[in-house]
1. Could we say that ILE53 is outside any loop (DSSP other than H, G, I, E, B) and open to solvent by less than 70 Å² (accessible area, probe 1.4 Å) here?
2. Quick one: is GLU525 touching a strand residue (DSSP E or B) at 6+ places or on another chain (Cβ under 7 Å), among the charged types (D, E, K, R), in contact (Cβ under 8 Å) with a residue 12 or more places away in the chain and under 30 Å from THR641 (Cβ atoms)?
3. Among LEU506, LEU482, which is touching an Asp or Glu at 6+ places or on another chain (Cβ under 6 Å), of a type outside the set (S, T, N, Q) and either closer than 23 Å to VAL431 by Cβ or surrounded by 20 or more Cβ atoms within 10 Å (Cβ to Cβ) (or both)?
4. Which of the residues belonging to segment 214-233 are more than 17 Å from MET275 (Cα to Cα), in a loop (DSSP other than H, G, I, E, B) and either free of Cβ contacts under 8 Å to residues at least 24 places away in the same chain or of a type in the set (A, V, I, L, M) (or both)?
5. Among residues belonging to segment 191-210 that are in contact (Cβ under 8 Å) with a residue 40 or more places away in the chain, of a type outside the set (D, E, K, R) and closer than 27 Å to ILE270 by Cβ, point out the one that is most open to solvent (accessible area, probe 1.4 Å).
6. Considering only segment 546-553, I want to know if a residue exists there that is in contact (Cβ under 8 Å) with a residue 24 or more places away in the chain, assigned to a helix (DSSP H, G or I) and either among the β-branched types (Val, Ile, Thr) or open to solvent by 70 Å² or more (accessible area, probe 1.4 Å) (or both).
7. Filter segment 634-649 for residues that are surrounded by 13 or more Cβ atoms within 10 Å (Cβ to Cβ) and out of contact with any Phe, Trp or Tyr (no Cβ under 8 Å at 6 or more places or on another chain) and give the result.
8. Name every residue in segment 723-741 that is part of a helix (DSSP H, G or I) and not basic (Lys, Arg), in order of residue number.
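The values are calculated or read from the model by the stated rules, or taken from the named source; none is laboratory data. The structure displayed is predicted, hence computed values, not measured ones. Cβ placement follows ideal geometry from the backbone for every residue including glycine, while neighbour counts extend to all protein chains displayed. Heavy atoms of the whole protein, side chains included, go into the accessibility calculation; ligands, DNA and RNA do not. Shrake-Rupley method; radii C 1.70, N 1.55, O 1.52, S 1.80 Å.
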Amino acid sequence: GSTVPSTYDSQDPFVLEARDFRGVVSNGMMASPRELAISDEHEGILEVEDVTIVPGTYFADAFGLRDDVVIDMENKMFTHRPDCFGVLGIAREIAGIQGQQFKSPDWYRHDVVAPTTEDSLQVEVHNELPELVPRFVVVPMSDVTVKASPVWLQVVLNRLGIRPINNVVDLTNYYMALTGQPLHAYDYDKVVAQDNDAEHATIVVRYPKPGEKISLLNGKEVEPRDQAIMIATKDKLIGVGGVMGGGTTEVDANTKNIILECANFDMYSIRRTSMANGLFTDAVARFNKGQSPLQNVAVITRIAEDITQLAGGKLAGVLVDDNHLPAEVLQRGSVHAPVTVTREFITARLGFDLSTDVMARLLGNVEFRVELNANELTVKAPFWRTDIAIPEDVVEEVGRLYGFDRLPLELPKRDLTPAPKDDLLELKAAVRSILHKAGANEVLSYTFVHGDLFDKVGQDTALAFQISNALSPGLQYYRMSLTPSLLEKVHPNIKAGYDEFVLFELSRTHNKLHLPEQHDELPEEFEILALTIAADNKIAQDKGGAAFFAAKKYLAFLASQFGITLYYAPVTEDLQYPMVKPFDHRRSALVGVKDSDVILGIVGEYRAAVVKNLKLPRYSAGFEIRLKQLLAVRKPGSSYTVLPRFPKLEQDICLRVTADLPYQELAHYIEDHLQQNRPDQTIHTLSPLDIYKRQEDPNHKQITFRLSIASYERTLTDNEVNRLLDQVAAAAKEKYGAGRL
């Protein structure tokens, strides 16, 4: 009635029964290991060497296969727990969660003293990568008989999903599965042969040489990456450290002498090598989680004892422990120093009201050593734990062992006081609304840019922060201003058929001109608004004036909505700020706030090289200003202005002044005079009409303004407006010698 295991999941399972074969009744069958589903061996029947097993015993009972228990576990637990990549770690974890005391085998210790013996097989180790290989342990063994493993070992490996190969290799896999520590066995004589039959074996841990290749155990030939950890003899590669051994030193049926290796490798290096060469092995799965370097001697000593029993081998030389761990780590037997934490610290974060005795018992169940001092716990992690370094790690440990499912179901108390408004966020929202009303379109571009963009706009790459792990090759640097990102979008939009548009962006920038005094402080961030206006050449022909004035109009409109009056100052060519670099200093202006020393930014047209490099249309300009400075000078309150019910009057005034008098200075003077002398309860605007310089009089220019004024109480007369403009002309003549035309 038994089913042959290898056919159990097939469409036609083979069930044993009494059958007539050649006139003889057969009541069973003899089976190979493959038919019993414990290995791939199918050369003959499985020989059971254990003479204590009574004939008639169920195979499943004899080898512990009946009523096997499968436990489903959340595998995210393993992500940062290298000890849980071994059966010992899993068993310890389950015991701890169940509140049971777990005790590791006596041989599993950090302070194991390796046995000594005569040095009949010498192994010389040279570790050229101590930072990547902090511990490299090897021991030679002689007179080994390589054969099939005992049935019990084949069954155990099969249950773990590992294919049995031979007794030596099977034991390395068994102890890897048991402890999480990968091991490897080399054929000693093959290692010596790699160095032209040298007197003894030499193992070198190094980087590969240019062009070196290696044939691996899986038959694949690879050229390892430049910084892969390689195991070699004096002359040739024999393994990819922490990944897979080489085929030239493989243990086979003819092997008599072996070298056992039990090493510790840098997990990040192993991960990169695995990805680079497409090698994903059981060893990689464990090493790239960061195994403890304190277990190597214990594991290699134990497997050497078992090889002596199962393969007839014996120690043939001293154990070589190439150890680069700090002395204090070896002395205390723990990767990290003990952590001191208070009971209040733990309970405040977990919500459990546990005593220190309960916490100590929970931790002790999984072999932590805990010393109590009133409400304080000093916790020393066992040598296989590499993740207990700070108080929060102890909190997590207590919470998991006690059970997060036992957390009290109580909603946290919350303060219902409204959160204070963020002035900067409100300013950004207002800026967006204002510019949207003005017809501009907001874009959101990457905070990172390519170094080529800096070159195209004239910004110095040395002033930018470079990304060490860039998202892509095109996103290498933090940007130093927003204007280059906007200008990149102009040509594609023009090409797509959008002949006239305005783009703006609000974001942060960084640069090395404002590095913090302390190295542990973060660089300063700048909250920036940038806008660019562009029109293709056909549209630009129909527009009056330069693009500078179009960009300035958007900036002035924005400022007016915040109750700010701007002034403009010349841009000098020697300014080194990244924000200024894309702009043509001859056709741009620094933007300041009237009656203050606040500089907001810059407005203007772009340098010819920038226009050429980014394929901009001739009609393009923009501005870039700092938002925190804008926030500091904006006037509180609403920007809403009540319109008068009475009609407005418009009159022009033309003043002849010296050519070197800035337009801005005259405009501000007239505006101030109008504010002080206009009739009560009136509203007015002053706008420029033209600036004209006659050829016959190059030392003077004519500036024409248009005054628009209305009253909230009555209809103004022409005489009132004329008297007001006469006062303006008189004041301008006295101040600047201006003549009215």
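1. Details: outside any loop (DSSP other than H, G, I, E, B): no; open to solvent by less than 70 Å² (accessible area, probe 1.4 Å): yes.
Taking the combined requirement at face value, the residue does not satisfy it.
2. Numbers: touching a strand residue (DSSP E or B) at 6+ places or on another chain (Cβ under 7 Å): yes; among the charged types (D, E, K, R): yes; in contact (Cβ under 8 Å) with a residue 12 or more places away in the chain: yes; under 30 Å from THR641 (Cβ atoms): no.
Answer is no for this residue.
3. On the way: LEU506 fails: touching an Asp or Glu at 6+ places or on another chain (Cβ under 6 Å).
Among LEU506, LEU482, only LEU482 is touching an Asp or Glu at 6+ places or on another chain (Cβ under 6 Å), of a type outside the set (S, T, N, Q) and either closer than 23 Å to VAL431 by Cβ or surrounded by 20 or more Cβ atoms within 10 Å (Cβ to Cβ) (or both).
4. Quick first cut of segment 214-233, residues more than 17 Å from MET275 (Cα to Cα) only: 215, 217, 219, 231-233.
Adding the requirement that they be in a loop (DSSP other than H, G, I, E, B) leaves 217, 219, 233.
Within segment 214-233, just LEU217 meets the criteria.
5. Only one residue tops the list, namely TYR207.
6. So in segment 546-553, the residues in contact (Cβ under 8 Å) with a residue 24 or more places away in the chain come out as 546-548, 550-552.
Next cut, assigned to a helix (DSSP H, G or I) only: 547-548, 550-552.
Next, from what is left, pick out any that are either among the β-branched types (Val, Ile, Thr) or open to solvent by 70 Å² or more (accessible area, probe 1.4 Å) (or both): none.
Taking every residue of segment 546-553 in turn, none turns out to be in contact (Cβ under 8 Å) with a residue 24 or more places away in the chain, assigned to a helix (DSSP H, G or I) and either among the β-branched types (Val, Ile, Thr) or open to solvent by 70 Å² or more (accessible area, probe 1.4 Å) (or both).
7. The initial filter retains those residues of segment 634-649 that are surrounded by 13 or more Cβ atoms within 10 Å (Cβ to Cβ), namely 634, 644, 646, 648-649.
Passing the criteria: LYS648, LEU649.
8. Of all residues in segment 723-741, those part of a helix (DSSP H, G or I) come to 723-736.
Within segment 723-741, LEU724, LEU725, ASP726, GLN727, VAL728, ALA729, ALA730, ALA731, ALA732, GLU734, TYR736 qualify.
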